[in-house]
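See below for the structure under consideration.
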């Protein structure tokens with residue numbers, strides 16, 4: 001085969017370095033091990049990127065996909081963190097970024113009847129690496145229910161409630177289970193969400209939320225306190241957004257804290 005021109009490796013004279021260049025929104029099947037030792041099949045949206053010096057015209061896009069496929073479909077912490085280091089070598093870069101976004105399902109029994117239903121959560125693995133350092137952040141996106149303390153205090157009948165979404169990001173000294181992070185968030189809300197509810201279950205969750213009202217401010221503080229008490233979490237950021245049922249806007253709060261170095 002005749003030599004083919006490597007256009008990406010040609011010189012660029014515009015003196016503009018690029019912070020990140022790579023591939024995004026690449027769908028990839030994954031099998032993730034859960035806390036019970038089982039493997040859950042899911043599909044991730046993957047982003048892979050590196051920095052590009054000002055004197056290089058382009059990067060080699062195919063090498064990102066090669067690195068991804070070389071790891072197979074079973075992903076764990078070691079595999080995820082090793083991937084950006086391989087990108088650094090293959091693409092002669094100084095910084096590399098890898099992100100996996102995927103749905104995570106849990107079979108949850110209803111609180112009274114124990115009827116089983118699947119509930120989905122969002123999970124993000126975000127890894128940034130240099131030759132000297134790796135930064136790994138795990139984020140879970142957890143739907144919850146909240147009931148307004150003010151509405152309960154001032155109303156003769158009932159109180160407004162709504163669904164909310166909590167994004168809980170952590171750095172850790174030792175790996176933590178996805179399920180563990182989800183449970184920490186759910187324990188901080190007025191009530192958990194379920195996909196299957198019979199009438200006894202609906203009565204239970206309605207009354208449970210009424211007995212445990214929380215503002216969006218309470219929600220992020222509750223998560224923050226539990227996160228600070230966790231033995232393996234060294235940094236966290238929690239963002240909560242309530243999809244208000246009596247307003248034409250959402251309520252939002254966030255807390256970020258370094259717990260330990």
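The values are calculated or read from the model by the stated rules, or taken from the named source; none is laboratory data. Note that the structure is predicted; figures quoted are calculated from it, not measured. Positions of Cβ are backbone-derived with ideal geometry, glycine not excepted, and every protein chain shown enters the neighbour counts.
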Subject >> Test for residue 146: is it assigned to a strand (DSSP E or B), within 25 Å of the chain's Cα centre (by Cα), within 21 Å of residue 209 (Cα to Cα) and in contact (Cβ under 8 Å) with a residue 24 or more places away in the chain >> reply: yes
**OP:** Could you grab the pairs with beta carbons closer than 6 Å, sequence gap of 6+ or different chains, first residue in the range 99-115 and at positive phi and touching a residue at least 60 places away in the same chain (Cβ under 8 Å), second one buried (at least 18 other Cβ atoms within 10 Å of the Cβ) and part of a loop (DSSP other than H, G, I, E, B)?
**Re:** none
Original post:
Mind checking whether some residue in the range 122-134 is in a strand (DSSP E or B), surrounded by fewer than 16 Cβ atoms within 10 Å (Cβ to Cβ) and modelled with pLDDT under 95?
Top reply: yes
Original post:
Do we have residue 162 as buried (at least 18 other Cβ atoms within 10 Å of the Cβ), touching a helix residue (DSSP H, G or I) at 6+ places or on another chain (Cβ under 6 Å) and over 30 Å from residue 83 (Cβ atoms) here?
Top reply: no
Original post:
Does the range 74-86 include one or more residues that are within 17 Å of residue 47 (Cβ to Cβ), part of a loop (DSSP other than H, G, I, E, B) and free of Cβ contacts under 8 Å to residues at least 40 places away in the same chain?
Top reply: no
Subject >> Sole residue being farther than 26 Å from residue 173 by Cβ and assigned to a loop (DSSP other than H, G, I, E, B), chosen from 89, 114 >> reply: 114
Original post:
What helices (runs of 4 or more DSSP H), lying completely within the range 149-256, carry at least 3 residues that are within 22 Å of residue 104 (Cβ to Cβ)?
Top reply: 178-186, 216-229
**OP:** Find the residue count for the range 68-78, including only residues that are more than 17 Å from the chain's Cα centre (by Cα) and surrounded by fewer than 16 Cβ atoms within 10 Å (Cβ to Cβ).
**Re:** 6
Original post:
Of all residues in the range 30-58 being closer than 16 Å to residue 98 by Cα and within 17 Å of the chain's Cα centre (by Cα), which is modelled with the lowest pLDDT?
Top reply: 30
Subject >> Output for the range 91-103, where each listed residue is buried (at least 16 other Cβ atoms within 10 Å of the Cβ) and more than 15 Å from residue 126 (Cβ to Cβ) >> reply: 91, 93
Subject >> Residues located in the range 20-39, provided they are touching a residue at least 40 places away in the same chain (Cβ under 8 Å) and over 20 Å from residue 78 (Cβ atoms) >> reply: 20, 22, 23, 26
**OP:** Would you check which residues across the range 32-65 are surrounded by fewer than 15 Cβ atoms within 10 Å (Cβ to Cβ), assigned to a loop (DSSP other than H, G, I, E, B) and touching a helix residue (DSSP H, G or I) at 6+ places or on another chain (Cβ under 9 Å) and list them?
**Re:** 34, 35, 36, 57, 58, 60
Original post:
In this structure, does residue 120 turn out to be under 18 Å from residue 234 (Cβ atoms) and free of Cβ contacts under 8 Å to residues at least 60 places away in the same chain?
Top reply: no
**OP:** State whether one or more residues within the range 110-120 are under 18 Å from the mean Cα position of the chain (by Cα) and modelled with pLDDT of 95 or more.
**Re:** yes
